[in-house]
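Reviewing the structure listed below.
Read-outs throughout are calculated quantities, based only on the coordinates presented, and are distinct from any laboratory measurement. Just so we're clear, the structure is a prediction, and the values are computed from it rather than from any experiment. Here the Cβ is made from the backbone with ideal geometry for all residues, glycine too, and neighbour counts use every protein chain on show.
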Amino acid sequence: MRFRYPFRNCTVKDKFMAITLFGLILIVWFGNFSHSVGDIERRSVNNDLFNEIENLKRRVQELEHGSLFTSFSENLARSSIMLACSHNGLNCNYGQLYNYSDLFVKITGGAGFVGSHLVDRLMMEGHEVTVVDNFFTGRKRNVEHWIGHENFELLNHDVINPLFIEASTSEVYGDPEIHPQNEDYWGHVNPIGPRACYDEGKRVAETMCYAYHRQDGTEIRVARIFNTFGPRMHLNDGRVVSNFILQSLQDKPITIYGEGKQTRSFQYVSDLVDGLIRLMNSNYSMPVNIGNPDEYTIGDFAKIIKGLVGGNSKIVKKPPMTDDPRKRKPDITRAKNILGWSPKVQLEVGLNRTIEYFKNELRRTTLDGRHFTKLPGGA
Ligand SMILES: NC(=O)c1ccc[n+]([C@@H]2O[C@H](COP(=O)([O-])OP(=O)(O)OC[C@H]3O[C@@H](n4cnc5c(N)ncnc54)[C@H](O)[C@@H]3O)[C@@H](O)[C@H]2O)c1
C-alpha cells in the first residue's frame, strides 16, 4: 500500500512549506533493546552540554546493568503500525508491524533545537536513532556528539511526508479571544496577515493529520507547543528569548514591540521533551497543549533577562508588530489529566542555562570570525 502524499500536485515551494509544518515526526517500530554505548568522541561545545551528555551516559550504563525496557520502549513495542515513507531513494517502510528486536526511531528535523534534545534522550535510553534533516534551520553540530556512535545515523535529506507526532504550535490559536487557551478553542487567526503562512500552515498540518487519521486510521499525536527555549536555539531565529538574551549580552538595546503588555509563557526544552515522550507513549490522538502556564508580560520578561545577564542594555519600545498575539498562556489541564505531565523547570533556571549557551555561542562565532546569519523563518 502506498502512502498517498497530500501535496503531490503542489510546487516545490509549496512542498517545502508543507514540510516545515510537520516539524518533528517520529517513526518508531519494534521493541527490546540492549545496546552498548560507545565513546562520545567529539566533546560537547560547552560544559553545560557536556555535563548533560555525561549524565545521560551514566544513565545508559545504569540501564545496561538494570532493566532492559523503559515504559517508552515497551509501549512503542506494543504499538501497531508505523508510518515511514520517504522519497528520492529512501525506502518506504509504511505499514510495517512491530516485530523485531530493536527499537528504531527516525526523527525528521532532528538536527534542530527541539529535535536534537529529543535525540539525546532517546540515544541515552539506548534506542537506535536516525536523524533526517536538510539543515535548513538546524545544524550538524547540534548532534555531532553522536556521530560515530553505532546506534546513530544522520541523513542529509529533505523529507516530504511521514507523520507520527506533529509538532504543532500555540500559533494555531492566533490572537486568542479566550484566556488561557485550551485545546477546544478553534483560534483567531488572520488568514492574510504576515504571520499567516506559519499559523495557517500549522492549522492545515493538523487538518491533514486528522484527515489521515479518519481516512486511513493513521496513528497520530498532535502536540501544541508553546514558546520553548533552551541551549541549541539558533542565535538569530528572531524569537523573543534569543533576541533579548543576545541584545543583553552585547549591551545593545533590548527591543520591545509595542507597549510590552502582551504576554507569553515560556517553557524549558527538557519539559517539552518530557511532554512529547509522554504523548508518544499515550494512546491519545487529540491535540494536547505542551507549555508552561507561567505568564509574563514581554516588558517584565525583558527586565528578567536584563537582570540575569547584567550589562547596560536599555529597554526600548518599537512600533507594534502586525497581528502580534496580545495574550498567550496554555491551559494544560488536558496534559495533566491525560499524560500526567506538567512543567518542572523554573524560568530562571532554564534562562541561566540558555544564557550560558548563548555566551559560548557568541564567543565561538567571534573566535571563528563568523557571523550568524538570519534564519529564513522562526517558530
Ligand atoms: N521552539 C518553539 O518554541 C516551538 C513552538 C511551537 C512549535 N514548534 C515547532 O517545533 C518544531 C521544531 O522547532 P525548533 O524550534 O526545534 O525549530 P528548528 O528550526 O531548530 O528545527 C527544525 C529542523 O527541521 C529541519 N528541516 C526544515 N525543513 C526540512 C526539510 N524539508 N527536510 C528535513 N529537515 C528539515 C531544519 O533544518 C531544523 O533542523 C517545528 O515544527 C516548530 O514549528 C516550536
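In sequence order, segment 308-323 has phi-based couplings of 6, 7, x, x, 10, 4, 9, 8, 10, 9, 10, x, x, 7, 5, 6 Hz under the Karplus curve 6.51 cos²θ - 1.76 cosθ + 1.60, θ = phi - 60°, and Gly or Pro positions carry x. Work out, step by step, the length gained on full extension between THR207 and ASP323: first 0.36 nm times the residue separation, then minus their alpha carbon distance; give nm to one decimal. Result for the pair: 39.5 nm of gain on full extension.
For segment 216-350, the Cβ-based charge dipole about the Cα centre amounts to some 340 debye (Lys, Arg positive; Asp, Glu negative; other atoms uncharged). Spin-label model, MET286/ARG141: points 7 Å from Cα along the beta carbon direction are separated by 4.4 nm.
Other residues lying with their Cβ under 12 Å from the Cβ of GLY115 contribute a combined charge of +2, Lys and Arg counting +1, Asp and Glu -1. When PHE226, PHE301 are sorted by how many other C-beta atoms sit within 10 angstrom of their C-beta, beginning with the fewest, the order is PHE301, PHE226. For the cross-link pairs LYS106/LYS359; LYS140/LYS252; LYS317/LYS359; LYS106/LYS336; LYS140/LYS359, which exceed 23 Å when the distance is taken from alpha carbon to alpha carbon? Beyond 23 Å between Cα atoms: LYS106/LYS359; LYS140/LYS252; LYS317/LYS359; LYS106/LYS336. Express in whole angstrom the spacing between the alpha-carbon centres of segment 232-304 and segment 168-224. Taking the Cα centre of each part, segment 232-304 and segment 168-224 sit 19 Å apart. Relative contact order for segment 136-219: 24 percent, from Cα pairs under 8 Å spaced at least 6 residues apart, divided by residue count. Projected onto their three principal axes, the Cα atoms of segment 232-316 cover extents of 50, 26, 19 Å, largest first.
For GLU200, what charge total do you get from the other residues with a beta carbon under 12 Å from its beta carbon, if Lys and Arg give +1 and Asp and Glu give -1?
Values: positive: ARG195, LYS202, ARG203; negative: GLU171, ASP199, GLU206, ASP323.
Taking every Cβ under 12 Å from that of GLU200, the sum is -1.
Once the other residues with Cβ under 13 Å from the Cβ of GLY174 are scored (Lys, Arg +1; Asp, Glu -1), what is the net sum?
Working: positive: ARG195, LYS202, ARG203, ARG224, ARG326, LYS327, ARG328; negative: GLU171, ASP175, GLU177, ASP199, GLU200, ASP323, ASP324.
Within the 13 Å Cβ shell, the charges total 0.
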